[in-house]
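The structure appears right after this line, and notes come after that.
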Amino acid sequence: MIKKTLTLAVAASTLFAAAPVLAQEVKLGFLADLTGGIAGFAPGMVDAGNLAIANVNDQGGILDGLTLTSVIADSGCDATTGGPAADRLVNAENVIAIFGGFCSGATIAGANGSAIPGNVVMISPASTAPAVAALEDNDLIFRNVVPDSVQGVKAAELLLARGITEVGVTYLNNDYGSGLAGAFVEAFEAGGGKVLANVAHEDGKADYRPEIGQIEASGAT
């Protein structure tokens, strides 16, 4: 299914126009990866979201002067933490939309577990896994980032254009890594290249010599 991508401002304005005016403060949930693999990037994304909220509020808010406020939940950059975090935003905080998640696994878990059943819009700025586009989402889940189905293809085209026809691949064993690797491998082989090794690896290991050894043994250089 082809997804439309929307900016936070466009989606929010559409949603708020249909939302009942029940309070002077309107909550936006931030499903942010404050811990986990991309924790270093999360504060900047949260700051950007809060800046957008501040800009709206400084201009009088929405509808008849309602103000926006953010409610932040840590998704941990994985499904195990992201699912319950999204549940809190939807069912305890009663947010009317979610900015995030950032990591694909957290976004998918939050969407399936809470946002879609709760009829809450989610907009991710970073979840690139192809699986996000395959969600049965009732047109509630969006992203404004190029998906791995495009990024992987372009990476394959770049290598082939440079005359590189044999590669070894290793990828992070999660929704993001497997999606990107899958798109790359499919496009690379379709273009005449050979993938000599295709090895998943886990995040945060102390020793990656076994995975490196598999790639070396394949003959990839």
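Within the bounds of the range 190-204, is there any residue that is surrounded by 15 or more Cβ atoms within 10 Å (Cβ to Cβ), in contact with a Lys or Arg (Cβ under 8 Å, 6 or more places away or on another chain), hydrophobic (A, V, I, L, M, F, W, C) and not assigned by TED's automatic domain parsing to the domain that holds A129?
Looking for residues that are surrounded by 15 or more Cβ atoms within 10 Å (Cβ to Cβ), in contact with a Lys or Arg (Cβ under 8 Å, 6 or more places away or on another chain), hydrophobic (A, V, I, L, M, F, W, C) and not assigned by TED's automatic domain parsing to the domain that holds A129, one finds none in the range 190-204, hence no.
Provide a single number: the residues in the range 173-184 that are surrounded by fewer than 21 Cβ atoms within 10 Å (Cβ to Cβ) and either modelled with pLDDT of 95 or more or touching a Ser or Thr at 6+ places or on another chain (Cβ under 8 Å) (or both).
1
So, of the residues in the range 59-87 that are modelled with pLDDT of 95 or more and among the acidic types (D, E), which turns out to be farthest from G118 (Cα to Cα)?
Across the range 59-87, the extreme among qualifying residues is D74.
Quick test of your reading of the structure: N112 fulfils all but one of (1) closer than 22 Å to G177 by Cα; (2) buried (at least 19 other Cβ atoms within 10 Å of the Cβ); (3) touching a Leu at 6+ places or on another chain (Cβ under 9 Å); (4) at pLDDT 95 or above. Name the failing condition by number.
Result: N112 passes all but (2).
Yes/no per residue for (1) modelled with pLDDT under 50; (2) among the polar types (S, T, N, Q); (3) under 18 Å from the mean Cα position of the chain (by Cα):
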site: K3; (1), (2), (3): yes, no, yes
site: L8; (1), (2), (3): yes, no, yes
site: S13; (1), (2), (3): yes, yes, no
site: V21; (1), (2), (3): yes, no, no
site: V26; (1), (2), (3): no, no, no
site: L34; (1), (2), (3): no, no, yes
site: G44; (1), (2), (3): no, no, yes
site: G49; (1), (2), (3): no, no, yes
site: I53; (1), (2), (3): no, no, no
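The values are calculated or read from the model by the stated rules, or taken from the named source; none is laboratory data. It should be emphasised that the depicted structure is a prediction, and the values quoted were computed from it without experimental measurement. When we count neighbours, we look across all protein chains shown, and the Cβ atoms used for this are built from the backbone with ideal geometry, even at glycine.
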